[in-house]
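This report refers to the structure that appears directly beneath it.
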Amino acid sequence: MNAKRNFQVGIDYQRDDRGENISYKNANYNELTAIYWAWKNLSDVDAIGLVHYQRFFFKPGCRKTIDNVIGQQDVDLLLKNHDVILPEKRNYFIESNYSHYVHAHHEEPLLKTRQILAERYPEYLEAYDVTMQSNKAHMFNMFVMKKPQFDAYATWLFDVLARLEPRIDVGTYSVQEARVYGYIAELLMDVWIETNNVNYAEIKWGVTGRKQTVSKVYDFLLRKFFQTNANLRKIHF
């Protein structure tokens, strides 16, 4: 899947600006524009999934190389007994999901999201609070879901985000922070999973290509202990 703003001639991927789409929101929604496109335009499929150009699901017990990325047979086997496939949870160890978020981003979107759930989806509030207090989460908007579960998830997610849009002014955010809806969606995954008691499998994930682990750890600790979030990029390490 190729976002319109990343389109290059000669790369023969499905674009997110064809059919019913929100491609024009990519600067704020990130990979969610691809999820939206799949939700609105794919019907005759059994399952839908999302990974990133460098972040993939890997086979167990194997090195994290492109040759060991899971394939169709691996997915089919997992979906025989589960409705959803998720990456192993990210563990932040020394802080909660909530504090990790606010050390890297504006707090307002989290507060507004909770308000929306209280008003529109109160049955999700308990899972939201538990997720915020936990130091682990299924991150990155990575998943494979059977089509019925995917449709239910997308219907809920995009309704919550549509209600969030008029409540925050991304015009005052930096380019990085303006990607807020993608960031919020990462934390909403577990809220949806836990509220609906979804049967899921966790598998190994990883990043191919060059990683800057030392730099990322440094930035993470700087945010945590010195409260410097305004000009630091979001870090996953």
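The values are calculated or read from the model by the stated rules, or taken from the named source; none is laboratory data. All values reported here derive from a predicted model rather than from experimental measurement. A quick note on method: Cβ atoms are made from the backbone with ideal geometry, for glycine too, and the neighbour counts reach across all protein chains shown.
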*Scan the stretch 98-125 and report the pairs whose first residue is closer than 20 Å to residue 136 by Cβ and whose second residue is of a type in the set (Val, Ile, Thr) and in a loop (DSSP other than H, G, I, E, B), with Cβ atoms within less than 8 Å and a gap of 6+ or a chain change.*
104/235
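Got a sec? Which of 166, 148 is in contact with an Asp or Glu (Cβ under 9 Å, 6 or more places away or on another chain) and either at pLDDT 95 or above or charged (D, E, K, R) (or both)? Give the derivation first.
Numbers: 166 fails: in contact with an Asp or Glu (Cβ under 9 Å, 6 or more places away or on another chain).
It is 148.
Out of curiosity, is residue 140 assigned to a loop (DSSP other than H, G, I, E, B), of a type in the set (A, V, I, L, M, F, W, C) and without any contact (Cβ under 8 Å) to a residue 60 or more places away in the chain?
Numbers: assigned to a loop (DSSP other than H, G, I, E, B): yes; of a type in the set (A, V, I, L, M, F, W, C): yes; without any contact (Cβ under 8 Å) to a residue 60 or more places away in the chain: no.
So residue 140 fails the test.
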*Inside the stretch 20-72, can you point out the residues that are exposed (fewer than 13 other Cβ atoms within 10 Å of the Cβ) and within 13 Å of residue 144 (Cα to Cα)?*
45, 46, 71, 72
*Could you give me the residue pairs with C-beta distances under 7 Å whose first residue belongs to the stretch 143-157 and is among the acidic types (Asp, Glu), whose second residue is assigned to a helix (DSSP H, G or I) wherever it lies, and which are 6+ apart or on separate chains?*
151/39
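Results for (1) in the same structural domain as residue 155 (by TED's automatic domain parsing); (2) surrounded by 12 or more Cβ atoms within 10 Å (Cβ to Cβ); (3) touching a strand residue (DSSP E or B) at 6+ places or on another chain (Cβ under 8 Å), shown as yes or no for each residue.
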site: 75; (1), (2), (3): yes, yes, yes
site: 80; (1), (2), (3): yes, no, no
site: 84; (1), (2), (3): yes, yes, yes
site: 87; (1), (2), (3): yes, yes, yes
site: 109; (1), (2), (3): yes, yes, no
site: 112; (1), (2), (3): yes, yes, no
site: 121; (1), (2), (3): yes, yes, no
site: 125; (1), (2), (3): yes, yes, no
*Could you run through the stretch 45-66 and say how many residues are at pLDDT 95 or above and either part of a helix (DSSP H, G or I) or in contact with a Leu (Cβ under 7 Å, 6 or more places away or on another chain) (or both)?*
2
*asked:* Of everything in the stretch 161-184, what is surrounded by fewer than 21 Cβ atoms within 10 Å (Cβ to Cβ), under 14 Å from residue 117 (Cα atoms) and in contact with a helix residue (DSSP H, G or I) (Cβ under 7 Å, 6 or more places away or on another chain)? Give them in sequence order.
replied: 163, 164, 167
*How many residues does the stretch 124-137 contain that are farther than 15 Å from residue 189 by Cβ and assigned to a helix (DSSP H, G or I)?*
4
_Consider the stretch 71-123. How many of its residues are hydrophobic (A, V, I, L, M, F, W, C), under 19 Å from the mean Cα position of the chain (by Cα) and part of a loop (DSSP other than H, G, I, E, B)?_
0
